[in-house]
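For reference, the structure discussed in these notes is given below.
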Amino acid sequence: MTTNLKNILGLAALGMTLLTNTVPTWAGSVGTHDTVVGSNYAYGSMVGARYSADNTQSIGCYLDANTANSGPYISCVARDSAGHYISCSGGSNLPVNLEILQGMTSSSDIYFEREPSRGVCRNISIYNGSTMLR
């Protein structure tokens, strides 16, 4: 009987130890954004779009820096929860756009504008910070 009691108490202590050590602790503020689409701009976070309550939101940019004949290629797209869509392409002649997109991560907050007359990407901004993580 004493052996059984010791085993039960030992298992209970082990269970309490595992329970207290396996629960993750998160700190800091979280600021993921839903995707917003305007007439010639869009912004939002990839994490916010991915984990949004709807299955419509998306935002992202594509960079192909290894295009052999035509040089680098940029494309950005976004869709908000209402289904509004915007895209742009080009703008790779601005070296700053290439540098910005190379810093993009899966938890980036993205802002881009589309030049109305030609649909070219301009004013691309990427924010990477701890508030964007999920």
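Skipping prolines and chain starts, which residues have an amide H placed within reach, meaning under 5 Å, of the one on G60, given they are 5 or more residues away or on another chain?
So G60 has HN proximity to V77.
Roughly how many debye, to the nearest 20, is the charge dipole of region 36-132 about its Cα centre, given +1 on each Lys and Arg Cβ, -1 on each Asp and Glu Cβ, and no other charges?
In total the dipole reaches around 100 debye.
Please report Rg over Rh for region 36-132, where both radii come from the alpha carbon positions and Rh follows the Kirkwood definition.
Computed over Cα atoms, the ratio is 0.97.
Where does each of 103-113, 55-65 land if you order them by average Cβ count within 10 Å, highest first?
Packing proxy ranking, top to bottom: 103-113, 55-65.
Which one, M46, I86, S130, projects farthest toward the positive side of the charge dipole computed for region 36-132 from Cβ point charges (K/R +1, D/E -1)?
I86
Per residue of region 74-90, in order, report the coupling 6.51 cos²θ - 1.76 cosθ + 1.60 (Karplus, θ = phi - 60°) as ³J(HN,Hα) in whole Hz, putting x for Gly and Pro.
10, 8, 10, 9, 8, 9, 8, 5, 8, x, 5, 10, 9, 8, 8, 8, x
Every number here is computed from the coordinates shown, using simple stated rules; none is lab data. Predicted model, so just to flag it, every value in this text is computed and none were measured. When we count neighbours, we look across all protein chains shown, and the Cβ atoms used for this are built from the backbone with ideal geometry, even at glycine.
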